[in-house]
Every structure is written in C-alpha cells, then in structure tokens.
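**Q** I am attaching a structure below and will ask some questions about it afterwards.
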Amino acid sequence: MTRIESEKQYQAAMARIEELLPLVTEETPEDDVSSVELVLLSNLVADYDDEHYPIKAPNLISLLRLRMFEMNLTQKSMAQLIGISASRLNEILTGKREPTLKVARAICINLSIDAAIVLGVC
C-alpha cells in the first residue's frame, strides 16, 4: 500500500495503530517488525489526514477567546492586561476593529500569541 485511498482503509489503519502502540516502546529496536509497521502506518495516516482533514491556520479572534478560557479571564480583565478598554477588546473580538501596533505588541507579550498570527500573516 503506497497510500490510503478510502475512509474505510483509514479507519482500519487507525485501528491497527492502536493495536501496535502498546507493543512499541522507547526501547523497541527500530528494525522490530511492529516498530516498522507502526512507523509506516503512521506516515500513511498522516498523509491521509493532511489531505482530508487539513488544519487551518488559527486566527486572532479564536486565539484571544482560547487565551481568555485558558487564563480564566473575563473580557474586562483581558482588556486590562493588554491595556485597552473592554469595549475596544469587544470590537476586536467581534471583528469590527483590528488591533493597533501597540495593542498587537501587548497581545504578543502578555498573552504569548505569535506575532504572525496577531498581524494576520500566517
């Protein structure tokens, strides 16, 4: 098999990977049959995933909402953290306004969000 052609093959490969995972440990030699099979199937599954289930680049709004959840912040506390009003943050979160350069810097520094995402260039 050079590639996974169908969802049925994909599911079968995933099931076999689940069977192989307990058999292969860090100590398992690379030339072990189970290890080789696991690597090959994992690569086939990864290729199928990339083609059929691509992961889109994150956007700033979704990452800001995620950070709010992760850091247990309200809009008001997040706004204070990045130095803007809650209403300005709300405009950013609803897509009505883009962050200024100063606010973008604060987002990168205080919320640990990559600058490329903040600037929309990824």
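**Q** To the nearest 500 deg cm²/dmol, what mean residue ellipticity at 222 nm is calculated for the chain from DSSP H runs of n ≥ 4 alone, each contributing -39,500 (n - 2.57), summed and divided by the residues? Intermediate results must be reported in sequence, preceding the final value.
**A** Details: 7 runs with 76 residues, N = 122.
The helix-only estimate for the chain comes to -19000 deg cm²/dmol at 222 nm.
**Q** For region 1-63 and region 70-88, what is the separation of their Cα centres, given in Å?
**A** One Cα centre to the other: 40 Å.
**Q** Please report, in debye to the nearest 20, how large the charge dipole of region 7-52 is about its Cα centre when each Lys and Arg carries +1 at its beta carbon and each Asp and Glu carries -1 there.
**A** Numbers: 2 positive and 13 negative charges, 49 e Å.
With only Lys, Arg, Asp and Glu charged at Cβ, the dipole is about 240 debye.
**Q** Compute the angle between helix 33-52 and the longest alpha-carbon principal axis of the chain, please, reported from 0 to 90 degrees and rounded to the nearest 10.
**A** Around 40 degrees separate the two axes.
**Q** What's the longest piece of the chain with no exposed GluC sites (Glu not before Pro), counting a site as exposed if DSSP puts it in a loop and it has at most 15 other beta carbons within 10 Å? Walk me through the numbers on the way to the answer.
**A** Values: sites that count: Glu5, Glu26, Glu27, Glu30.
After excluding every exposed loop site, the longest remaining stretch is 31-122.
**Q** With only alpha-carbon atoms counted, please give the Rg and Dmax of region 7-52, in Å.
**A** In Å, with Rg to one decimal and Dmax whole: 11.0, 33.
**Q** What aspartates and glutamates could a cross-link reach from Lys56, if we take a straight Cα to Cα line under 17 Å and drop same-chain neighbours fewer than 8 places away?
**A** Output for Lys56: Asp47, Asp114.
**Q** Under a Cβ-only charge scheme (Lys and Arg +1, Asp and Glu -1), can you give me the dipole magnitude of region 1-107 about the Cα centre, in debye to the nearest 20?
**A** Details: 12 positive and 17 negative charges, 334 e Å.
Computed about the Cα centre, the dipole is about 1600 debye.
**Q** So for Ile61, Ile117, fewest C-beta neighbours within 10 Å to most, what's the order? Provide the component values of the computation, followed by the final result.
**A** On the way: Ile61 12, Ile117 18.
Exposure proxy ranking, most exposed first: Ile61, Ile117.
**Q** Would you mind telling me which residue in Leu63, Leu21, Leu89 has the biggest mean-square fluctuation in a Gaussian network model of the chain, where springs connect alpha carbons within a distance under 10 angstrom?
**A** Leu21
**Q** Hey, what's the Cα Rg ratio for the chain versus the globular rule of thumb, 2.2 N^0.38 Å? Kindly include the intermediate steps, with their values, before the conclusion.
**A** Working: Rg = 21.8 Å, N = 122, 2.2 N^0.38 = 13.7 Å.
Normalised Cα radius of gyration, the chain: 1.60.
**Q** What are the extents of the Cα atoms of region 39-110 along their three principal axes, listed from largest to smallest and rounded to whole Å?
**A** That gives 52, 24, 19 Å along the principal axes, largest extent first.
Rule-based calculations on the coordinates, nothing more; no lab input. For clarity, every value in this text was computed on a predicted model and none was experimentally measured. Every residue, glycine among them, receives a Cβ derived from its backbone with ideal geometry; neighbour counts consider all protein chains shown.
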